[in-house]
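Input: a single structure, listed below in structure tokens.
The values are calculated or read from the model by the stated rules, or taken from the named source; none is laboratory data. In this text the structure is predicted, and so the values were computed from the model without any measurement. In this analysis, Cβ positions are derived from the backbone assuming ideal geometry, glycine residues included, and neighbour counts consider all displayed protein chains. Side chains included, ligands, DNA and RNA excluded: accessible areas come from the protein's heavy atoms. Shrake-Rupley method; radii C 1.70, N 1.55, O 1.52, S 1.80 Å.
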Amino acid sequence: MKHFLSALDVPDVTALADSAAAFKAAPRSAETLGRGKRIGCLFLNPSLRTRLSTQVAAQQLGMEAIVFNVGAEGWALEFAEGAVMNGTTVEHVKDAAPILGQYFDILAIRTFPGLKDRAEDYSERYISQFVKYAGVPVVSLESATLHPLQSLADLLTIRETFAGGRRPKVVLSWAPHVKPLPQCVANSFAQWMTVWGGADFVVTHPEGYTLDPQYTKGASITHNQDEAFEGADYIYVKNWSSYEQYGQILSNDTDWMLTLDKLKATNNGKVMHCLPVRRNVELSDEVLDSAHSLVTQQAGNRVWAAQAVLADILKSNA
Amino acid sequence: MKHFLSALDVPDVTALADSAAAFKAAPRSAETLGRGKRIGCLFLNPSLRTRLSTQVAAQQLGMEAIVFNVGAEGWALEFAEGAVMNGTTVEHVKDAAPILGQYFDILAIRTFPGLKDRAEDYSERYISQFVKYAGVPVVSLESATLHPLQSLADLLTIRETFAGGRRPKVVLSWAPHVKPLPQCVANSFAQWMTVWGGADFVVTHPEGYTLDPQYTKGASITHNQDEAFEGADYIYVKNWSSYEQYGQILSNDTDWMLTLDKLKATNNGKVMHCLPVRRNVELSDEVLDSAHSLVTQQAGNRVWAAQAVLADILKSNA
Amino acid sequence: MKHFLSALDVPDVTALADSAAAFKAAPRSAETLGRGKRIGCLFLNPSLRTRLSTQVAAQQLGMEAIVFNVGAEGWALEFAEGAVMNGTTVEHVKDAAPILGQYFDILAIRTFPGLKDRAEDYSERYISQFVKYAGVPVVSLESATLHPLQSLADLLTIRETFAGGRRPKVVLSWAPHVKPLPQCVANSFAQWMTVWGGADFVVTHPEGYTLDPQYTKGASITHNQDEAFEGADYIYVKNWSSYEQYGQILSNDTDWMLTLDKLKATNNGKVMHCLPVRRNVELSDEVLDSAHSLVTQQAGNRVWAAQAVLADILKSNA
């Protein structure tokens, strides 16, 4: 593939998850693939797992990784076409992106949504302008609406832990939070589950939290969490702010927090979360500290997901 | 050379530009030269191109580069001799510099002027104290009054794009800006053009923006931009605050913004800018997005300039 | 050793100092020891020497070092067991630490005390929770109460400069400062001196500045600085806030600043300080700029101390 912004950029998500699993088994199996190649990781927003796992993945492929914190270390970028730049932005993406494309073989970018203007956020203007102007492959480290490296790690986690000899039941369950969060992880997980097609996939959330239908096509959607949990093999817990009343917190019904008690209805369900997690707000301590939790394994898998993606891009663009 | 703070540190600027061109043709041609050597890049001020191009250049020479953001990651340095340090500065350059000299083989430093006290800024006290106390070669990543890595990249850009079989006419043209900027890039470009001596060099700016004469000796200076542009091969656009009424913005005459219309008088003039550029303030979109613009190529050349400088220092201090 | 949090983790501090001296003599003598290994350096607080010397040490062992500024680049961690995380902390150490343990072979952490609650600080809750949850060796880059990498460098400095053929007299002398500082460096130096046992060790400070007795057992303690300095071979100058009236500045008696005049009573005493130092507050310029000062050598030795520690951990956990 050329760019990695969404599941739709991936010819075969199962094959990509297989590649991630292979790197997990043999981390240094392609340690010269990226020799003499450089990846630039631009963070317009903070990051822990994504930053570190991408650096680790690049190193294991023999690439040189350079991290740059836009804002903290640099300056505010302008994205508006035709802007008269007499305000606070000091450089236009049209000028910055081609230069980054000259310095790096792959550009990886994190940029969060503003959560004020849905059309603006869902246009993915920021990352798409990097794609347009950089002239090199662009990898999303989480964009305004999607988080594909997370979703690939999630898919790897499900595939490596399920031994049922049947289709697992996977539930994406909304959870309360104190701040309005992007829909990225939820959109992206739904997209990967439906594109993959290997699970019975259910999304459950309170009224008003319906996700963008382009990502949930083929999923069962219900406001009844109890019903959704019935016989589930995996519960993916995640907060998101409203897509309909864009960026709003409509409810903080603490009943939606995942507890051990709720897991009783599941098929000894495994619990997933992308982290960071607000303990005792989204999930209870007792769940996170139990054998149900896959969150550490899932975050560990971020390395192999990133490595599979970078390796594929290096091969495709060699 | 030992240090790289100005064109005057360079025995032969043409030979150095040739070395940069050679690295552009063969980036890894000296990939073991810096083996086991370390460069420390200290940023007392933000940076994008300089930071990344220096890291890339170092890597391509086989050096280990470590970046340190003074302030954000460390603490405020004291530069005053004899200071009783009971205020906000927590470490004296006399103590910090020798230690950095023990950790690194080359020290590269960015430090901006305060634009309040001309004598202070033009004394280059900050970077010269690193030179005095570090005990290792010091490379300017832009200091209070000069930006030699930029100027070397600029010289490379002019030399690789001019095929006239005669001396090009090169114009440095002041442009409006919303903030008072240092004179560094303008001083430095003027210095390199006059030291190089390969061009007919003209500086044009409104009244009150005369640069320090030590850097423009040998240049034609005019307040008439139209006259300056007549038959020009290169227009280098740059804002600077007043040197005479130090650090002030005296005029923001929007007439000085470079437009396509103004380029008509030139000899199909190429347009340069060090970036970041305020679009539609310094230069119009139509110029930057036209074939006249060299700004991306120029920024790309920052890598080769840095690589030539580091390679020369490594060889000279071997 | 498994972890490196204190002198008590070290089977033989003399042997470790010997190893540091050996690396100083031959920096690249173990350059493949860390091949394919990664160290993650987490800074919850700012750092210059510790950050850079650890990166340098890791590189010289062939390790890949990744630095992460928690807070600036990431987010606030929660350390309280059972917290309902509906406030400003966004991730619990119980979730973050195991993931970092998956990404890195060694985790190095800097975390300062709050200086509000002595029991809290002296419980070393932060770093001990990383030890508990990370599942990999943890190295202190300075914790709430100790700074062992500094102390190992200090021990190396004393051992390599003393040629008396007898036990040196080493004095730790409190100095004034404008801010309340941790007791870490003082505690740690006292601990290493007493564990080492190779010196006659004296601690001198004004009333109210008694250190935690667990670290000064075996030392002579006096409020009489003149008496302490009598015949001393080494004066280690350091400010700390009160342990008894926890975190308070009780006195800023400028008489305690070290001057050349005070050194007359010593045996041509060498002067040490961990840096950063407030000139003309803790020590006078004339002392720091004299041949008495070991501070640059001492800071340079931070590299070899870190390298000895990392090498030992790599070997012990191979």
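Summarising the amide proton neighbourhood of C:Trp240: residues at separation of 5 or more, or on other chains, whose placed amide H is nearer than 5 Å comprise C:Ala175. When you restrict to C-alpha pairs under 8 Å that are six or more residues apart and normalise by the size of the range A:218-271, the relative contact order lands at 52 percent.
Using C-alpha pairs under 8 Å with a sequence gap of at least 6, the mean separation divided by the residue count of chain A gives a relative contact order of 21 percent. By the Kirkwood approach, averaging reciprocal distances over each pair of separate Cα atoms, the protein assembly as shown gets a hydrodynamic radius of 30.2 Å.
Could you tell me what percent of the accessible area of chain B is made up of carbon and sulfur, with a 1.4 Å probe and every protein chain present?
Its accessible area is 49 percent carbon and sulfur atoms.
With a probe of 1.4 Å, find how much accessible area the range C:248-318 has per residue, and write the answer as a whole number in Å². List each step's numbers first, then the result.
Values: 2560 Å² over 71 residues.
With all protein chains present, the range C:248-318 gives 36 Å² per residue.
Two numbers describe the Cα atoms of the range B:22-94: Rg and Dmax, which are 16.6, 53 Å.
What pairs from A:Lys169/A:Lys238; B:Lys238/B:Lys262; A:Lys217/A:Lys270 go past 21 Å between their alpha carbons? Numbers along the way, then the final one.
Working: A:Lys169/A:Lys238 17 Å; B:Lys238/B:Lys262 15 Å; A:Lys217/A:Lys270 24 Å.
The pairs that break the limit, which is 21 Å between Cα atoms, are A:Lys217/A:Lys270.
For the range A:15-71, applying the loop criterion from DSSP together with a ceiling of 13 other beta carbons within 10 Å to the trypsin sites (Lys or Arg not before Pro) yields A:Arg28, A:Arg35. Solvent-accessible area lost on pairing C with A (1.4 Å probe, both sides summed) amounts to about 2700 Å². Semi-axes of the equivalent ellipsoid for the range B:150-298, computed as √(5λ) from the eigenvalues of its C-alpha gyration tensor and ordered from largest down, come to 21, 18, 14 Å.
Report the residue, chosen from B:Ala186, B:Ala153, B:Ala25, that carries the largest GNM mean-square fluctuation when chain B is represented by alpha-carbon nodes joined by springs under 10 Å. Looking only at B:Ala186, B:Ala153, B:Ala25, the largest GNM fluctuation is found for B:Ala25.
The distance from the alpha carbon centre of the range A:295-318 to that of the range B:249-318 is 38 Å, rounded to a whole number.
Near A:Glu64: Cβ cut-off under 14 Å, other residues only, Lys/Arg at +1 and Asp/Glu at -1. The net charge is -1.
Could you list the trypsin sites (Lys or Arg not before Pro) in the range A:119-205 that lie in coil according to DSSP, counting only those with at most 10 other Cβ atoms within 10 Å of their Cβ?
Working: sites: A:Arg125, A:Lys132, A:Arg159, A:Arg166, A:Lys169; in loops: A:Arg166.
Sites meeting the loop and neighbour criteria: A:Arg166.
Taking one quarter of the surface of the C-alpha convex hull of chain A gives a mean projected area of 15.7 nm².
Comparing each chain alone with all protein chains together (probe 1.4 Å, DNA, RNA and ligands left out), the residues of the range A:276-302 losing at least 50 Å² of accessible area are A:Pro276, A:Arg278, A:Arg279, A:Thr296. How far is helix B:93-103 tilted, in degrees, relative to the longest principal axis of the Cα atoms in chain B, given as a value from 0 to 90 rounded to the nearest 10? Roughly 80 degrees between the two axes.
Just need the relative contact order of the range B:150-298 here, percent rounded to a whole number, with Cα pairs under 8 Å and 6+ apart. Working shown, then result.
Working: 288 pairs, mean separation 41.0, N = 149.
Result for the range B:150-298 is 28 percent.
Are there trypsin sites (Lys or Arg not before Pro) in the range B:217-293 that DSSP puts in a loop and that have at most 16 other Cβ atoms within 10 Å, and which ones?
Numbers: sites: B:Lys217, B:Lys238, B:Lys262, B:Lys264, B:Lys270, B:Arg278, B:Arg279; in loops: B:Lys217, B:Lys264, B:Arg278.
In loop regions of the range B:217-293 (DSSP not H, G, I, E or B), the sparsely surrounded trypsin sites (Lys or Arg not before Pro) are B:Lys217, B:Lys264.
Taking a 28 Å limit on the Cα-Cα distance, which of the listed pairs B:Lys37/C:Lys37; B:Lys2/B:Lys94; A:Lys94/B:Lys264 fall beyond it? Mind dumping the intermediate values first?
Working: B:Lys37/C:Lys37 20 Å; B:Lys2/B:Lys94 20 Å; A:Lys94/B:Lys264 24 Å.
Over 28 Å apart, Cα to Cα: no pair at all.
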